[in-house]
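Notes follow once the structure below has been shown.
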Amino acid sequence: MQHDAVLSPVQSSLFSEKAGPAIAHGYFTRKGGVSEGLYSGLNVGLGSKDERAHVNENRARVARWFGAAPERLATVHQVHSPDAVIVDETYDGSRPEADALVTATSGIVLGVLSADCGPILFADAEAKVIGAAHAGWKGALGGVLESTIDKMVTLGARRERIVACLGPSISRRNYEVGSEFVERFVAANESYASFFRASERDGHAMFDLPGLTIKRLVDAGVAAENLDICTYADEERFFSYRRTTHRQEPDYGRQISAICIRGT
């Protein structure tokens, strides 16, 4: 594969061990893009107010890193849903409203965008079935991880062979929420109280979204890894919606996490 040398995606040791050479993946940082200002670097967010030409070039660079044409980079219009879609050789560049993609077709790059929410990549290397999911609190609680796994199984994957890795996302030390947020989770499952710790502010708590994500993955029967990289804290490498909000900035970029079955 021909890689753009300037791109510097983070990679999963679990994938390297379990997925092997059949699967290429990367959790891309801001490094290596052409966007400027607030979006400086590799902003791939079509929903941002960045110059469209810059976003398109950044997406093309990601595709080229996998040795793929830009039109083979498949993404969705993310809406914090539990929905996963199957992509195959007929992929036409459309972006349906969903929050996960799966495929058994080589040469198609599956990508999910994030700016604090969790990007999760999945692979069953033996079956050559892959997936990518975008899971913020709503998606994780609503079942997007399980939907992704279910769709992979329909394509021939087996749960006991699937490996999943949570990439750069906001950590509990930077994710403060209100009491009504805590109540929503505890109402869904009393054990979820363990994902909250007291905040310095009364009536608030610090939420462990990565912890919830990994628990849901393990409970679904797959091997799971957390890269434990906080998007909020690492401004040099990652965009962060919450950091932007705290600074009252007008907009923010999105990074991409992507995966591809190598051609044979």
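Tally time: how many residues in the stretch 167-181 are under 23 Å from the mean Cα position of the chain (by Cα) and not in a strand (DSSP E or B)?
Residues meeting the conditions: 9.
So is SER179 of a type in the set (Ser, Thr, Tyr) and surrounded by 20 or more Cβ atoms within 10 Å (Cβ to Cβ) or not?
Spelling it out, it is not the case that SER179 is of a type in the set (Ser, Thr, Tyr) and surrounded by 20 or more Cβ atoms within 10 Å (Cβ to Cβ).
Could you please tell me which pairs satisfy a Cβ distance under 8 Å, a separation of 6+ or placement on different chains, a first residue in the stretch 34-62 that is closer than 18 Å to LEU7 by Cβ and touching a residue at least 40 places away in the same chain (Cβ under 8 Å), and a second residue that is of a type in the set (D, E, K, R) and assigned to a helix (DSSP H, G or I)?
That search, which allows pairs on different chains as well, returns LEU42/ARG61; VAL44/ARG59.
If we scan the stretch 203-216, do we find a residue that is among the acidic types (Asp, Glu) and in contact with a helix residue (DSSP H, G or I) (Cβ under 9 Å, 6 or more places away or on another chain)?
Yes, the stretch 203-216 contains at least one residue that is among the acidic types (Asp, Glu) and in contact with a helix residue (DSSP H, G or I) (Cβ under 9 Å, 6 or more places away or on another chain).
Can you tell which of ARG184, ARG237, ARG243 is in a loop (DSSP other than H, G, I, E, B), basic (Lys, Arg) and surrounded by 12 or more Cβ atoms within 10 Å (Cβ to Cβ)?
ARG237
Within the stretch 205-224, which residues are surrounded by fewer than 19 Cβ atoms within 10 Å (Cβ to Cβ) and of a type in the set (Asp, Glu)?
Once the filter is applied, which keeps residues that are surrounded by fewer than 19 Cβ atoms within 10 Å (Cβ to Cβ) and of a type in the set (Asp, Glu), the stretch 205-224 yields only ASP219.
Within the stretch 138-166, work out how many residues are surrounded by fewer than 21 Cβ atoms within 10 Å (Cβ to Cβ) and either small (Gly, Ala, Ser) or not in a loop (DSSP other than H, G, I, E, B) (or both).
12
Quickly run through the stretch 172-191 and pick out the residues that are among the hydroxyl-bearing types (Ser, Thr, Tyr) and in contact with a Leu (Cβ under 7 Å, 6 or more places away or on another chain).
Of everything in the stretch 172-191, just one residue is among the hydroxyl-bearing types (Ser, Thr, Tyr) and in contact with a Leu (Cβ under 7 Å, 6 or more places away or on another chain), namely TYR175.
Looking at the structure I just gave you, is VAL163 out of contact with any helix residue (DSSP H, G or I) (no Cβ under 9 Å at 6 or more places or on another chain), modelled with pLDDT of 95 or more and under 22 Å from LEU209 (Cβ atoms)?
No; evaluated as a whole, the condition is false for this residue.
Looking only at the stretch 102-144, which residues are of a type in the set (Ser, Thr, Tyr) and touching a Pro at 6+ places or on another chain (Cβ under 8 Å)?
Across the stretch 102-144, the qualifying residue is only SER114.
Among residues belonging to the stretch 14-39 that are modelled with pLDDT of 90 or more and of a type in the set (S, T, N, Q), point out the one that is farthest from ALA68 (Cα to Cα).
For the stretch 14-39, the residue satisfying everything is SER35.
Residues in the stretch 139-148: is at least one of a type in the set (S, T, N, Q) and more than 14 Å from ASP99 (Cβ to Cβ)?
no
Conditions (1) at negative phi; (2) buried (at least 19 other Cβ atoms within 10 Å of the Cβ); (3) of a type in the set (A, V, I, L, M), marked per residue:
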site: LEU46; (1), (2), (3): yes, no, yes
site: PRO70; (1), (2), (3): yes, no, no
site: LEU73; (1), (2), (3): yes, yes, yes
site: GLY93; (1), (2), (3): no, no, no
site: GLU97; (1), (2), (3): yes, no, no
site: VAL109; (1), (2), (3): yes, yes, yes
site: VAL112; (1), (2), (3): yes, yes, yes
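Report the residue count in the stretch 90-110 for those that are more than 15 Å from LYS128 (Cβ to Cβ), touching a helix residue (DSSP H, G or I) at 6+ places or on another chain (Cβ under 7 Å) and at pLDDT 95 or above.
Adding up the residues that qualify gives 2.
Considering only residues that are assigned to a loop (DSSP other than H, G, I, E, B), more than 23 Å from ALA60 (Cβ to Cβ) and without any contact (Cβ under 8 Å) to a residue 24 or more places away in the chain, which ones fall in the stretch 73-100?
VAL79
On the basis of being modelled with pLDDT of 95 or more and at negative phi, does LYS138 make the cut?
yes
Which count do you get for residues in the stretch 14-30 that are over 16 Å from VAL222 (Cα atoms) and of a type outside the set (Gly, Ala, Ser)?
Residues meeting the conditions: 7.
The values are calculated or read from the model by the stated rules, or taken from the named source; none is laboratory data. Not measured: the values here are computed from a predicted model. Here the Cβ is made from the backbone with ideal geometry for all residues, glycine too, and neighbour counts use every protein chain on show.
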